[in-house]
Amino acid sequence: MDTTFDTIYKCEKVFCNHTINLSECGWLDPWTMGLICLKAVEYSAEKDRSIVLPKDIRMISYLKRMHLPTFLKELAYDQFLDPFDKKDISEKENFNIHEIVHCNFRDEFDGRLSSKIRPMFIGFNLKSDEERLATGLVAELGNNVFDHNAGFWPTDFSGAIIIAQHNPIKKQIEVAVADAGVGFMGSLRASRPDLKTHTDAILLGLSGTSGRIGENRGNGLKTIQDWTINKFNGIVRIHSGDGLVVVDKNGQKTSDVFPILGTLASFMLKY
Amino acid sequence: MTIQMSKFNTVLNGRPAAKEAILRIFQIVNGSIEKENVILDFSDVEILTPSYADELLRELKKKYNNKVEVINTSSMAADTMKAISD
């Protein structure tokens with residue numbers, strides 16, 4: 001069964017009792033991969049943490065192509081990763097699936113915009129102008145990760161996690177940027193202590209309000225919405241804490257979902 | 001005084017990088033004998049993000065009383081300029 005944005009919030013078994021259970025998962029979109037990465041960070045300090053991998057060898061190849069085992073080794077999940085060691089893959093097997101890019105620090109992120117993210121969009125066959133705009137979108141999402149969490153990470157795990165896939169049949173590209181940081185509520189509460197829900201915090205952030213008191217900033221998310229929707233007829237999604245907001249040309253939709261550590265934001269481009 | 005922005009980088013991203021560029025531009029302009037506008041030439045700049053552009057222009061306009069001109073923006077950089085002016 002494909003496990004995507006449309007289904008993951010209905011799958012109660014995937015994240016349960018400090019276990020990430022991928023046994024029944026099929027194709028995973030960048031959004032779901034982002035949730036898996038954030039849950040792996042959240043569970044990493046738990047003694048009873050575990051990961052159940054899919055039995056299907058094609059899924060093992062697929063997850064290895066995304067460098068999931070490399071990411072999980074950073075979090076000391078080594079004992080659950082044997083199936084990956086038994087499977088050799090070709091990195092050139094599928095250019096439409098990009099490996100997880102974890103940038104611990106801002107300088108690393110800046111460097112990888114040129115060395116990894118731009119070539120990725122070129123590999124996805126975006127035209128030059130589109131590639132530059134799409135890279136700009138990743139840049140703004142990544143900047144937010146460091147602007148709002150530097151010096152304030154809730155755990156020892158820091159940085160931006162970038163996951164991307166291209167679906168050439170649907171002519172869609174989705175890029176998710178995840179961080180195990182303070183989230184919208186943690187960032188905005190300093191300037192707006194009256195905030196009550198994570199959804200309210202996301203909506204406030206999307207309107208251009210920044211948690212960086214006394215500084216003239218906060219337009220990054222407005223531009224992300226504008227470019228994604230008006231230049232790519234796309235969709236912006238943000239999950240922070242237990243709030244979820246989806247923005248497209250029809251407006252904003254909100255819902256309450258299971259909580260995560262930090263923030264997961266994505267943009268879907270249609271071309 | 002014309003500043004070739006591509007000499008900072010062809011990918012201009014983020015407020016910290018813009019703050020560093022501002023300090024450098026202050027030095028370059030202060031050392032110039034010209035008393036004309038500060039012209040920011042974006043030719044060969046491939047990516048300009050809104051956060052970089054916002055930080056750069058806000059501070060330079062504050063310092064040079066709005067005598068700051070932007071030229072040779074690519075399509076992407078023009079979109080960024082529009083985004084920060086909206």
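A few comments on the model shown:
- Which numbered condition residue A:168 misses (of (1) under 28 Å from residue B:82 (Cα atoms); (2) out of contact with any Ser or Thr (no Cβ under 6 Å at 6 or more places or on another chain); (3) at pLDDT below 95): (1)
- Of the helices (runs of 4 or more DSSP H) entirely within region A:164-261, those holding at least 1 residues that are within 14 Å of chain B (Cβ to nearest Cβ) and surrounded by 17 or more Cβ atoms within 10 Å (Cβ to Cβ) occupy A:220-226.
- Tallying residues that are under 21 Å from residue A:108 (Cα atoms) and away from every other protein chain (no Cβ under 14 Å) within region B:1-53 yields 1.
- Complete set of residues in region A:1-23 that are touching a strand residue (DSSP E or B) at 6+ places or on another chain (Cβ under 9 Å) and under 18 Å from residue A:165 (Cβ atoms): A:2, A:3, A:4, A:5, A:8, A:22
- Test for residue A:121: is it in a helix (DSSP H, G or I) and either within 12 Å of residue A:173 (Cβ to Cβ) or at pLDDT below 95 (or both): yes
- Between A:48, A:107, the distinction of being in a loop (DSSP other than H, G, I, E, B), modelled with pLDDT of 95 or more and either at negative phi or surrounded by 13 or more Cβ atoms within 10 Å (Cβ to Cβ) (or both) belongs to A:48 only.
- Residue A:138 meets all of the listed conditions (1) crowded, with 22+ Cβ neighbours inside 10 Å; (2) more than 14 Å from chain B (Cβ to nearest Cβ); (3) touching a Leu at 6+ places or on another chain (Cβ under 8 Å) but one, namely (2).
The values are calculated or read from the model by the stated rules, or taken from the named source; none is laboratory data. If you're wondering where the values come from, they're calculated on a predicted model, not measured in any experiment. As a convention, Cβ positions derive from the backbone with ideal geometry for all residues, glycine included, and neighbour counts pool all protein chains shown.
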